[in-house]
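To start, the structure under review is shown below, and the notes come after it.
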Amino acid sequence: MAPQPARFAPERILIVLHGSIGDVTRALPVAAMVRRAFPRAFLAWSVELPCFPLLQGNSAIDEIILLERRHWWKNVGPFLARVRAGNFDLVLDLQRLFKSGFISWWSGAAQRIGFHREDSKEFNWAFNNLHIPAYGDEMPKIEHYLKFVDYLGIERFPLEWHFNLTAEEETSIVGHLSKTSGSFAVLFVGTRWESKQWFPSQISQCADQLQGDYALDVVLLGSKDDQRLAQEVETLSRSKLTNLVGRTTLREAIGVIQRARIAVGPDTGLMHIAAAVRTPVISLWGATSPQRTGPYGYGELVLQGRAPCVPCQRRTCAIGRVCLQSITTEEIGAKIRNALSDEKRAPVTHAG
């Protein structure tokens with residue numbers, strides 16, 4: 001049974017969730033709800049550098065405590081000292097790993113809430129003295145994070161992200177999009193896992209379909225590691241593409257996605273950002289499960305690849321990603337038609 005709200009009257013709160021981009025994006029509404037419930041409390045978030053931009057400028061967060069892993073042997077000491085100096089009395093450990101559990105315990109907070117033993121990993125549960133009930137991995141991750149809100153006895157509000165881009169970032173975004181002539185679509189080129197990556201031929205055919213059938217310009221987004229793949233897409237496509245792969249910051253990518261009419265791509269962090277800013281996103285799935293990690297609010301635009309091993313949850317694929325190969329241009333086209341004929345943007349708070 002969830003505790004009564006009177007059990008929690010924190011003055012200094014720490015959220016621990018270091019990554020990935022998709023996870024941090026999905027957890028941001030927790031910070032907004034905690035801020036509403038405890039408006040006078042100090043709220044900090046412990047994070048690592050790749051996800052740091054997602055928290056910048058967020059009005060719910062008073063401090064970002066950054067752990068830089070590149071030179072961890074130099075940075076971990078000052079990082080832990082800052083965590084201990086925070087004098088936190090409540091920790092929300094949203095990561096469920098050994099690392100996050102240790103940070104939660106090291107904070108010295110009297111109340112440290114983590115995942116149930118059955119749902120945690122790497123003995124994470126042992127570092128926390130309070131735990132939400134067990135729900136299993138069939139529950140969508142965003143809902144699993146919101147169970148911490150329920151445990152605190154906080155009333156749920158409409159989800160808010162508060163990316164709050166700066167004027168300088170908005171200006172830079174306009175510059176990036178200067179070669180687009182009007183409405184445009186965004187295609188996500190890369191993923192961190194090789195097994196989740198769609199094929200250059202699929203991306204180029206999708207671009208041609210968007211431009212030929214809907215007169216939409218096409219913008220490619222991804223990281224610097226995806227630039228070679230993006231060049232291959234440009235070679236294969238008959239359409240004129242705006243290739244921003246590796247050429248934007250993460251926060252600029254948020255603004256680009258927000259301006260798009262539609263987004264298409266595999267299971268990646270940018271997919272969750274699209275859902276957060278309410279850009280209809282068609283997501284392609286193979287190695288991972290949309291039931292657990294699908295984009296919030298766009299389940300009807302999910303395309304699940306077909307293979308006996310789906311979902312394998314493996315980072316690499318030994319059989320040529322047959323699951324993603326099974327997703328046809330016609331299937332993607334049908335989802336595009338559905339999304340563009342029923343464009344609905346829910347009243348949420350997001351960038352800009």
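The numbers here are math on the coordinates, done by the rules we state, and not lab data. All figures in this text were calculated on a predicted structure; none of them were measured in a lab. Ideal geometry is used to build each Cβ from the backbone, glycine not excepted, and the neighbour counts take in all protein chains shown.
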Calculate the translational D of the stretch 167-341 in whole µm² s⁻¹ from Stokes-Einstein, where the hydrodynamic radius comes from the Kirkwood formula applied to all Cα pairs, the temperature is 4 °C and the viscosity 1.567 mPa s. 81
Charge-dipole axis of the chain as Lys and Arg at +1 and Asp and Glu at -1 on Cβ define it, positive-most pick from 130, 72, 195: 72
Helix-derived mean residue ellipticity, 222 nm - over the chain, DSSP H n ≥ 4, -39500 (n - 2.57), to 500: -10500 deg cm²/dmol
Compute a Gaussian network model of the chain, connecting alpha carbons closer than 10 Å, and tell me which residue from 242, 171, 293 fluctuates the most. 171
When the Cα centres of the stretch 49-111 and the stretch 159-181 are compared, how far apart do they sit, in Å? 28
The answer for GluC sites (Glu not before Pro) in the stretch 20-122 that fall in a DSSP coil and have at most 11 neighbouring Cβ atoms within 10 Å is none
Of the candidates 338, 124, 164, which one comes out as most mobile in a Gaussian network treatment of the chain with C-alpha springs shorter than 10 Å? 338
Loop-only check: which GluC sites (Glu not before Pro) in the stretch 126-231 are DSSP coil with at most 12 other Cβ within 10 angstrom? 138, 155
Averaged over all directions, how much area does the convex hull of the C-alpha atoms of the stretch 174-264 cover when projected, in nm²? 5.3
Per the Kirkwood treatment, what hydrodynamic radius in Å, one decimal, follows for the stretch 41-120 from the mean inverse distance over all distinct Cα pairs? 13.3
Could you give the size of the charge dipole of the chain about its Cα centre, using +1 on the Cβ of each K and R and -1 on the Cβ of each D and E, expressed in debye and rounded to the nearest 20? 500
Per-selection Kirkwood Rh - the stretch 5-151 (Cα, Å, 1 d.p.): 15.1
Rg/Rh of the chain (Cα atoms, Kirkwood Rh), to two decimals, equals 0.98
For the chain: lysine pairs under 22 Å (alpha-carbon distance), excluding those fewer than 8 apart on one chain: 13
J(HN,Hα) series, the stretch 210-227, from Karplus relation 6.51 cos²θ - 1.76 cosθ + 1.60, nearest Hz, glycine and proline x: 5, 7, x, 8, 10, 6, 9, 5, 10, 10, 9, 10, x, 9, 4, 5, 9, 5
When only DSSP loop residues count, what trypsin sites (Lys or Arg not before Pro) in the stretch 59-127 have their Cβ near at most 15 other Cβ atoms within 10 Å? 69, 70, 117, 121
